[in-house]
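Visitor: Questions regarding the structure given below will be posed in turn.
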Amino acid sequence: MDVLTKYRVFGDTRCYMYSVEWQKRGLPHAHILIWLLNKLHSNEVNDIISAKIPDPVTDPHLHDIVTTQMVHGPCGALSPLSPCMADGKCTKRYPRPLVAETVTGNDGYPVYRRRSKEDNGRTIKVKVQNQEIEIGNEFIVPYCPLLSRIFETSANVESCHLAKSIKYLCKYVTKGSDMAVFGIASENANDEISNFQMGRYVGTNEALWRLLSFQIPKYPTVVTTNMRVQLQNDQSAAQFSKQLLAVGNGKVPVDATSGLITLTNDFCRFVDSQAVNENVFPNISENYQNYAWLSERAILAANNNDVHALNFTIQSKIAGDLVTYKSVDSITNPDDVVNYPTEFLNSLELPGFPPHNLQLKVGTVIMILRNLNPPRLCNGTRLSVKRLMPNLIEATIINGKYAGENVCIPRIPMIPTDLPFDFKRLQFPVRLALAITINKSQGQSLSVCGINLENHCFSHGQLYVACSRVGKPSALFVLTSDQKTKNVVYQRALQ
């Protein structure tokens, strides 16, 4: 494909598609379909596609390739028993008509220039059933002289210009596998190994699907209704659903002066900074080893600073020793070492990046920040710490399909991509996750949820995402000033 596209053998390429077939009866071969930016005219076809026997004197190399690789048959009257014959005719339409110049055909393919012997056309002699027969250009398969010289193999090249033919070619290039039929020598001998090796047929499409397949749901994953509240069969849940949709659609009235909306008492329970921790994590000192209890509750906030403060406060209530892991930070470019000292690198707190000073306790909740072992350990997976070792953290997955499984998390090197310089941090790819940002909470269902709105939401749909983690108003605890907050909704995004 590099030869065809980069070196513009046929001209500038718009796009291409191809498939490779592996046949039991021969070597692999490819079917290639190329769309050109500029249409080929009849007078240009002869420059890149030929259907004649080359001159054995001026170009003996190409003559040898064409006469050994690009001759069809012969068939027809010269060989009626040829495999391509059906009902007395060649299924490949050979021999082709001899014409002096290339003209446009009625079937979507050109009638290529094939000169007769009387018109100075060359001939060759081939053996058919132990007889030597002279044939001309009528049995030459169209080829590209340049490609034939490069690859020295059979390469049939055709120019196609009718939509009907292009449709057929697209279907042919992506066609499935044929049925493979085999026979068993003896009814009593059942050699399963030999039968499998001789009889299995692995098509390209089937093999790709087997290797790269993923589960296709019956219904799309687009949520048009708050499915969490639909699970609740009471009046408050129904009212909660309507209020959530109003928040998500931006239908809640906005104060013209402050730009804030007012949350009602029947939508959530309003608490202060101390009460939000106590309502979401009551008796955490007794339940911190119950990963099922931890998995169904979290406190959400819009920015990372609020999340860090909440995590520090909640973790302090868990019994046990505080273990500190310090990262090893270094500049990847030796020329920048003087400009960025280690103390400066240690002070960097980046979103989606582990801190330099990571402090954990057994029983606390952490979140994976990198894809370590998909789909088991992915970015966003929450875990409960089970054991803290110098170079390894043992934890239990508390959410998702693999909840309850014990895993080990190592230190790994990480390089941020949103800085004007490159530095590497060797640290455990985790952060505390008793409290998490609203963006990280997407897709998680909780039984109890607290929302810290002291700093307002700042992007489209954040408030709806935060409030819709639970299915009833009694499980939603909100910390805000005067029951007012900002609801950012871009109506264009909903259209």
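Every number in this text was worked out from the coordinates using simple rules, so none of it is lab data. Since this is a predicted model, take the numbers as computed values, not measurements. We place every Cβ from the backbone using ideal geometry, glycine too, and count neighbours over all the protein chains shown.
Visitor: In region 46-155, if the dipole is taken from +1 on Lys/Arg beta carbons and -1 on Asp/Glu beta carbons about the Cα centre, which of VAL111, GLN129, PHE139 is farthest to the positive end?
Guide: In region 46-155, that residue is GLN129.
Visitor: If you don't mind, another one. Using alpha-carbon positions, what is the distance between the centroids of region 137-162 and region 34-89, in Å?
Guide: One Cα centre to the other: 6 Å.
Visitor: Report the local net charge at THR332: Lys and Arg +1, Asp and Glu -1, summed over other residues whose C-beta lies under 13 Å from its C-beta.
Guide: Values: positive: LYS424, ARG425; negative: ASP329, ASP335, ASP336, ASP422.
Combined, the nearby Lys, Arg, Asp and Glu give -2.
Visitor: Can you compute the charge dipole magnitude of region 1-62 about its Cα centre, using +1 on each Lys and Arg Cβ and -1 on each Asp and Glu Cβ, nothing else charged? Give it in debye, rounded to the nearest 20. The partial results should precede the final answer.
Guide: Details: 7 positive and 7 negative charges, 60 e Å.
It comes to approximately 280 debye.
Visitor: For SER273, what is the net charge nearby, where nearby means another residue's Cβ is under 12 Å from its Cβ and Lys, Arg count +1, Asp, Glu -1? Don't skip to the answer; put the middle values down first.
Guide: Numbers: positive: none; negative: ASP272, GLU278, ASP306, GLU454.
Neighbour charge sum, excluding SER273 itself: -4.
Visitor: May I pose another question? Once you charge only the Cβ atoms, +1 for Lys and Arg and -1 for Asp and Glu, what is the size of the charge dipole of the chain about its Cα centre, to the nearest 20 debye? Let's see the in-between values first.
Guide: Details: 50 positive and 43 negative charges, 183 e Å.
Rounded to the nearest 20 debye, it is 880 debye.
Visitor: Between helix 163-173 and the chain, what is the angle of the helix's C-alpha long axis to the longest principal axis, kept within 0 to 90° and rounded to the nearest 10?
Guide: Once rounded, the angle reads 70 degrees.
Visitor: Here is a further query. Given the options LEU358, LEU260, ILE314, identify the residue whose Cα lies farthest towards the positive end of the charge dipole of the chain (+1 on Cβ of Lys, Arg; -1 on Cβ of Asp, Glu).
Guide: LEU260
Visitor: Tell me the angle of helix 304-315 to the major Cα principal axis of the chain, expressed in degrees between 0 and 90 and rounded to the nearest ten.
Guide: Around 60 degrees separate the two axes.
Visitor: Oh, and also: Express as a percent, rounded to the nearest 5, the fraction of DSSP beta bridges in region 361-495 (both residues included) that run antiparallel.
Guide: On the way: 22 of 26 bridges.
Of those bridges, close to 85 percent are antiparallel.
Visitor: Shape call for region 1-86 from the C-alpha gyration tensor, a ≥ b ≥ c root eigenvalues: rounded (a/c under 1.5), prolate (a/b greater than b/c) or oblate? Mind dumping the intermediate values first?
Guide: Values: a/c = 1.88, a/b = 1.32, b/c = 1.42.
Cα axes put region 1-86 in the oblate bin.
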